[in-house]
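Worksheet: the structure to be examined is printed underneath.
A short reminder: the numbers here are calculations on the coordinates, not readings from a lab. These figures come from a predicted structure and were not determined experimentally. Positions of Cβ are generated from backbone atoms using ideal geometry, with glycine treated the same way; all protein chains shown enter the neighbour counts.
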Amino acid sequence: MISRRAAVARVASGACAALALSVAAPAPASASPGPVAVGNVQKAMEALVRTGHVVGAIGEVYVDGKRVGTGSAGSRLLNGKGGAIPSGARYRVGSQTKSMTATAALQLVKEGELSLDDKLGTVLPEVVAKDLVERADEITVRNLIQLTSGIPDFIGPDVNPLDPTADYRPADLLAASRKRPRPVEIGTFSYSNTDYILLGMIIEKLAKRSLAAELDRRIFAPLRMRDTYLPMKASAGIKGPHGHGYAVDGTGRPRDVDRLNATTLLGAGGAISTAHDMSVFQRAFRRGRLLPESLRRLITDPPPGQQPPPSGGPCAGDPEFAPGGGGSAPGFVAATHTSSDGRLQFAVSVTLAMDDAERSTVPRRVTDALKSVFCPAT
């Protein structure tokens, strides 16, 4: 039998890959300015729940900024308890947060406060003085944004995102990362939450305010994303009625993991939002309201050495959706599928009761839901 400590470590380690940002080239814009056929979102959510080990699923579809479909299936809590989840409920967006953090950093680049070629050791000399990041004098801001720094991820034996009682400082996360071997050379893609913890630290230093306050000032408030926020305290949870996710422990029992430790997420995966607000963000991002195209492509294009996914959307023809736009951790998967011209959004949150291996199948299930909504003939 697996010990409780080993089981928790296994579940926690799954949070590392689970919070990953999908870095991919945008598909060519092809949506016509005419009407868009939208299928039954409610039936799509019901089908998601029927795929098994899904506690609840909510989704909303937006066309030209207008909500045209909603759906909610399953329940707030395990075994049908807690009632239905409102389709407008808040949920964790996971690594969709990274696009927000990168956007704030790139706005600083646009304003001349930061350069893509600035060295980490120059911008944050404390990481060199305290030996928190190896080869910090070689790693650039560009490397952090594109996940090519080669810095190890911090999630492991010393950092447990499933423990909401531990209060980690960013320096603690860097110290945990420093103990792990470098996975790749600088310039080679390797997913690491640590890169985005460092980006958050850079933003805070230059802005002279918390990352939460700066994201609100630069993104949430201007776009009127009124239900979106970045919690910064360890035990901070999701405000209002929402779905709870569960992770299977060493005994095979589902454990409520609704209160993930916010101090391990931060700019790497900590934002809490709604389907409406995530659709607003993606629409503004894709339409160039937040960044010029040259800087936006640092987020949407594959980093050096990575092949872009095949172009084309889920349907045989139009509409075409850009790859990426998802995030997850034990207990949930969330995604905002958007057309690369920003016209269409399909925002989904799925709360789960499954292990990490099965959770890896959920993005495909969400894509099936996307097809049922936008490709009703398939």
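Just a few scattered comments:
- Inter-part distance, the range 271-290 to the range 108-151, computed on C-alpha centroids, equals 27 Å.
- For the range 244-314: rounded, prolate or oblate by the Cα gyration tensor [a/c cutoff 1.5]: prolate
- Ranking Val38, Gly313, Tyr191 by Cα position along the charge dipole of the chain, where only Lys, Arg, Asp and Glu carry charges on their C-beta atoms, puts Val38 farthest toward the positive end.
- Top positive-direction residue, dipole computed over the chain with Cβ charges, set Ala268, Ala171, Gly74: Gly74
- Evaluated with a Cβ-only charge set (Lys, Arg +1; Asp, Glu -1), the chain carries a dipole of roughly 840 debye about its Cα centre, given to the nearest 20.
- Residues Glu293 and Thr367, FRET efficiency given R0 of 25 Å [Cβ-Cβ distance, rounded to 0.05]: 0.40
- The residue among Leu290, Val362, Phe154 whose Cα reaches farthest toward the positive pole of the charge dipole of the range 4-374, with charges on the beta-carbon of Lys, Arg, Asp and Glu, is Val362.
- Applying 1/(1 + (r/R0)^6) with R0 = 41 Å to the Cβ-Cβ distance of Thr188 and Lys43 gives a FRET efficiency near 0.40.
- Computed over the chain: relative contact order in percent, which uses C-alpha pairs under 8 Å that are six or more apart: 30
- Separation in nanometres of the label points that stand 7 Å from Cα toward Cβ, at Thr51 and Met232: 3.6
- Inter-site label distance for Leu116 and Leu206 at 7 Å from Cα along Cβ, in nm: 1.3
- The range 191-273 shape via C-alpha gyration tensor axes, a/c threshold 1.5: oblate
- Anisotropy class of the chain from Cα gyration tensor, a/c 1.5 cut: oblate
- Label point distance in nm, Glu358-Thr251, each placed 7 Å from Cα along Cα→Cβ: 1.8
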